[in-house]
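Enquirer: The structure follows.
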Amino acid sequence: MKARVHVTLKNGVLDPQGKAVHHALQGLGFDGVNDVRQGKFIELEIDGADTAKAKAEVTEMCEKLLANTVIEDYTIELA
Amino acid sequence: MKARVHVTLKNGVLDPQGKAVHHALQGLGFDGVNDVRQGKFIELEIDGADTAKAKAEVTEMCEKLLANTVIEDYTIELA
Amino acid sequence: MSTNQFNSTPITPELVKEHGLNEEEYKLVLEIMGREPNINELGIFSVMWSEHCSYKSSKKWLKTLPTTADWVIQGPGENAGVIDIGDGQAAIFKMESHNHPSFIEPYQGAATGVGGIMRDVFTMGARPIANLNALRFGAPEHPKTRHLLSGVVEGIGGYGNCMGVPTIGGETNFHASYNGNILVNAMTVGLADTDNIFYSAAAGIGNPVVYVGSKTGRDGIHGATMASAEFDDDSDEKRPTVQVGDPFTEKLLLEACLELMATDMIVAIQDMGAAGLTSSSFEMASKGGVGVELWLDKVPMREEGMTPYELMLSESQERMLMVLKPGCEEAAKAIFDKWELDFAVIGTLTDTKRMVLKWHGELAGDLPIDPLAEASPEYDRPWEVTPKQDRIDPASLSGKVDHIDALKTLIASPDLASRRWIWEQYDHLVMGNTIVRPGGDAGVVRVSGTNKGIAATTDCTPRYVMADPVEGGKQAVAEAYRNLIATGAKPLAITDNMNFGNPERPRIMGQFVGACQGIADACITLDFPVVSGNVSLYNETNGEGIMPTPAIGGVGVISDLAHHATIGLKAGEGALIMIGA
Amino acid sequence: MKSAVILFPGINRENDAIAALKQATGTQPTLVWHGETELPNVDIIMVPGGFSYGDYLRCGAMAAKSPIMRAVAERASQGVTILGVCNGFQILTEAGLLPGALMRNASLKFICKNTHLKIETTTTRFTNQYGKGDVVDYPVAHHDGNYFADEDTLNRLEGEGRVVLRYCDANGAVDTETNLNGSQRNIAGIINEAGNVLGMMPHPENAIDPLHGGIDGRGLFKSMVEAVS
Ligand SMILES: Nc1ncnc2c1ncn2[C@@H]1O[C@H](COP(=O)(O)OP(=O)(O)O)[C@@H](O)[C@H]1O
């Protein structure tokens, strides 16, 4: 089974990378961009076919390692 | 309009981050993980409501800045 | 050889050409083999006889460089040069180019260049203690220059910083001749004990051949050499030609290798750099006068479905090949297990002087070693003496120049402006031994636990070499020498990185020959031998060669750091004196 | 006086840390491997700088989950003096021993240079050898030193006198000009509530020898020695 995890900065947390990308896009002449946020995208290939179990397990991975919940949120999709 | 861009390493390109995360997950006792790949997830807030135009513009941003097409692929979703 | 799957690819003239072998060379291949090679063997000839591995155009002239002195322990021919710095210690150093990859992908190209040169140094038993880099970019206003400059600098920092080796110096120039062909030359200086230096000559029939480090992927297998039907199935996706560096793994590899080197288990060791497993195995075998049998299916693989051809040609980074003493496998493996690195016995030494490749028991290739490693083509390419340029009559220059304006223009010019922007992105302090930071004449690091320093610099002024290759070659060596003495060091030896255009043009070949002559002259006069180096040819932009750029990396020793000198004027002290001609 | 230095894969300033601790304590620190579960009996624990696990995923994230960090947390709760520098600071925040997080520098570039720092409090175990408001000069060498915490946390840190070091100029001016990496309120170092754990981005261990160009860093190590003897 494949799990797709998105880790994004919480609202209110300053995003230096997003800000820099925004700035660079403006420099390239893309004026219509109002905001840029950069996050991580992690794809996991996991054993088993039990979606509920996988979800629980990936949640635990996020809490323990993949996300820093002080500054980040995460979402999980299974496929 | 919101654009969601996923930037991932091309197949066959070494992913040192994914490799290290995989290893760390195993160290934490998550044995059922077979592979981990890490990519970037970029959210853009853009002006206008014309999806086709936005798509073309974000594609250009990807080619010019957001992705390194020598080693990375990208996908774009608009919402 | 019996018929098997590896003979099914017809060796057509096109395939031979795609492997970069000309007709003459292919005739030699048939002669050496005594039959038609199979695809794996053809691939091996192709990389072994590439300019990069064989030095076929430059060999004749490199042999004229002076390489000896009382303090030289190892001159050119090993992974890096070794000089005695007293007290039972040696400095081990080399410079190497990663020009083409850095132009395609500046970050990864530069990063893997740094990774490669550090492996060359620690393969010999040295802990890297200083990095330098000599960079050449196109005109500042060229649309690609900014992107390339920032990518290269980040890549060098990204790798060197993570390795924990201070980057203490270098040089940076801009010129339109590099617009389509930047130069990224990286240098590493390492420190070892003179009685614990490791070489690459394999020895001991029956000894295990061991692979350590990262797994092998399809990185860097040359696109053109892959165009046969057999390897064409799944688009280019399958075979990125850009290698991604993993400095974290290399840091582990460094620590694991040094730990193993502190024991008595290694017979020979060689890093897998350009042309990966092929060149490392052939070189080790050739130097040791032995044969090798490799079990390619035992090579740790990153991807499924890899073929012997790919395994022999892959340029995956962060890998080493070793020959161990018999019976040491388990103890050595324990060290690599501790550092969480792959370790596999992938072959054995034989007395056949042949390279025998096995794939799940099946014969995948069988080649003689010496003819490939040593009897590679050597060319005496035609060359022209570079014509002397006319002297410019000062009177012919128009207008009066205000001195202050001239000074301002000079200071602000890209070639002279401060490089702080670059070196502040490099960790130049890690290890706690940096005595002279970048920005001076040469960087200086202390030899840990002593009062001794090692000074290092890289130098070349391409426009001088362009105007007069012989004098320009001399000047580069002399400048390195001066930069070392300016810190208080005694200059000991150099490494070089010869970056030139297409040697098949007599004019370019003439630049190369002239620079070699100049370097040799200066080195002999200054007693400043060449102990290692690298050649990068075919550096062209729109059919025009780059400016000839023989970068010189100089190393010297300061016997007492209390007497080192720095470039900064000391407030309120002394008079300014100018010496020299 | 006994000390220990924790070694994670990818750490590269362990010898710099050892040199500084040895100079201050007069004894050779013990190097402790990340896979260990027990710590020796020591007065000072230092988590040094480097690139543990290549700084992949997030700086310090993987090291924070190492077996040894449980032992470090336990010692922290027992009041043992713990110093985390650079990657060590990142590891301590990831392990939850210090609040906040360290993000990519605002310039997005790695920065290696000397910087001035203002000593904000001298009542800690780490700064008792300095005067309040002193300006010291240490190098920094990092890519992710941009300190972030939410407003409440920041206010609490300030209110409790737990901001120990701030980026400033030679005269002690703390402003956006002198904020070298974009940190909230120019924060370069903080301590935990109990005052026994300090995390900081700059490298006092690279300013302990006249040949380094300055010895301002010695005071920090001497402070720890004074405090625990
Ligand atoms: N790529 C680089 N990496 C590290 N240091 C550099 C680099 N380029 C220049 N420097 C440093 O900046 C100073 C001036 O550089 P440059 O003008 O190119 O060299 P030089 O003075 O030898 O002509 C030197 O001290 C050099 O060590």
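No lab work stands behind these numbers, since they all come straight from the coordinates. In this text, all values refer to a predicted model and were calculated from it rather than measured experimentally. We place every Cβ from the backbone using ideal geometry, glycine too, and count neighbours over all the protein chains shown.
Enquirer: Checking the a/c ratio against 1.5 first, then a/b against b/c, what shape does the Cα gyration tensor give for segment D:1-97?
Expert: It comes out oblate by the Cα gyration axes.
Enquirer: Which chain A residue hugs the A-B rotation axis most tightly by its Cβ, and what is that distance in angstrom, to the nearest whole number?
Expert: For the rotation taking chain A to chain B, the closest Cβ gives A:F41, 2.
Enquirer: Give me the distance between the Cα centres of segment D:144-216 and segment C:522-577, rounded to whole Å.
Expert: Taking the Cα centre of each part, segment D:144-216 and segment C:522-577 sit 39 Å apart.
Enquirer: Quick check: the angle from helix B:51-61's long axis to the longest principal axis of chain B, C-alpha only, nearest 10 degrees?
Expert: For helix B:51-61, the angle is close to 60 degrees.
Enquirer: Could you state the angle between the C-alpha long axis of helix C:145-163 and the longest principal axis of the C-alpha atoms of chain C, as a value from 0 to 90 degrees rounded to the nearest 10?
Expert: The answer is roughly 70 degrees.
Enquirer: With each pseudo-label sitting 7 Å past Cα toward Cβ, what's the C:D70-A:A79 distance in nm, one decimal?
Expert: So the label points at C:D70 and A:A79 sit 7.2 nm apart.
Enquirer: Given the C-alpha centroids of segment C:136-183 and segment C:46-63, what is the distance between them in whole angstrom?
Expert: 26
Enquirer: At 0.36 nm per residue, minus the direct Cα-Cα distance, what do C:I577 and C:E330 gain on full extension? Give it in nm, one decimal, please.
Expert: Taking 0.36 nm per residue and subtracting the Cα distance, the gain is 82.6 nm.
Enquirer: Hey, another quick one. Out of the trypsin sites (Lys or Arg not before Pro) in segment C:251-358, which ones are loop residues according to DSSP with at most 14 other C-beta atoms within 10 Å?
Expert: Nothing satisfies the criteria.
Enquirer: Still on this structure, I have one more. If the cut-off is 15 Å between C-alpha atoms, which aspartates and glutamates fall inside it for C:K353, apart from same-chain ones fewer than 8 positions away?
Expert: C:E283, C:E293, C:D366, C:D370, C:E374
Enquirer: Any idea how far apart C:D264 and C:S398 come out in nm if each label point goes 7 Å out from Cα toward Cβ?
Expert: Spacing of the two 7 Å Cα→Cβ label points: 7.9 nm.
Enquirer: Counting alpha carbon pairs within less than 8 Å and at least 6 residues apart, what relative contact order, in whole percent, applies to chain C?
Expert: Computed value for chain C: 19 percent relative contact order.
Enquirer: Related question: Using only atoms on other chains, find how many Cβ atoms lie within 10 Å of each Cβ of peptide B:68-78 and report the average. Before the final figure, lay out each step's value.
Expert: Working: counts 6, 1, 9, 9, 0, 1, 0, 0, 0, 0, 0.
Per residue, the number of nearby Cβ atoms from other chains is 2 on average.
Enquirer: Same structure again: Tell me which aspartates and glutamates have Cα within less than 20 Å of A:K53's Cα, excluding those fewer than 8 residues away on the same chain?
Expert: A:E43, A:E45, A:E63, A:E77, B:D31, B:D35
Enquirer: Lysines near C:K400 by alpha-carbon distance under 18 Å, same-chain residues fewer than 8 away left out - which ones?
Expert: Partners within reach: C:K408.
Enquirer: Now for a different question. Starting from the Cα gyration tensor of segment C:318-427, take the square roots of the eigenvalues, sort them a ≥ b ≥ c, and report rounded, prolate or oblate (rounded when a/c is under 1.5, otherwise prolate if a/b is larger than b/c, else oblate).
Expert: Cα axes put segment C:318-427 in the oblate bin.
Enquirer: For the pair C:S418/C:D405, report the inter-label distance in nm, with labels modelled 7 Å from Cα in the Cβ direction.
Expert: 2.6
Enquirer: What's the average, rounded to a whole number, of partner chain beta-carbon atoms within 10 Å of each residue's beta-carbon in D:146-159?
Expert: Whole-number average of other-chain Cβ neighbours for D:146-159 is 1.
Enquirer: So, how do all the Cα-to-Cα distances of the protein assembly as shown break down into 10 Å bins, in percent, from 0 on up?
Expert: For the protein assembly as shown, the pair-distance distribution reads 2, 11, 20, 24, 22, 14, 6, 1, 0.
Enquirer: If you fit an axis through the alpha-carbon atoms of helix C:247-261 and take the longest principal axis of the Cα set of chain C, what angle between them do you get, 0 to 90°, nearest 10?
Expert: In chain C, helix C:247-261 runs at an angle near 80 degrees to the longest axis.
Enquirer: Using Cα centres only, tell me the gap between segment B:11-42 and segment C:95-133 in whole Å.
Expert: First find each Cα centre; the distance between them is then 26 Å.
Enquirer: Right, something else. Before anything else, pin down the relative contact order of chain B: Cα pairs under 8 Å, at least 6 apart, normalised by residue count, whole percent.
Expert: 53
Enquirer: Considering every residue in C:427-440, what mean count of other chain Cβ atoms within 10 Å of its Cβ is obtained?
Expert: 6
Enquirer: Which pairs in the list A:K40/C:K215; C:K388/C:K490; C:K59/C:K94; B:K10/C:K287; B:K55/C:K215 are over 27 Å apart, alpha-carbon to alpha-carbon?
Expert: C:K388/C:K490; B:K10/C:K287; B:K55/C:K215, as the Cα separations exceed 27 Å there.
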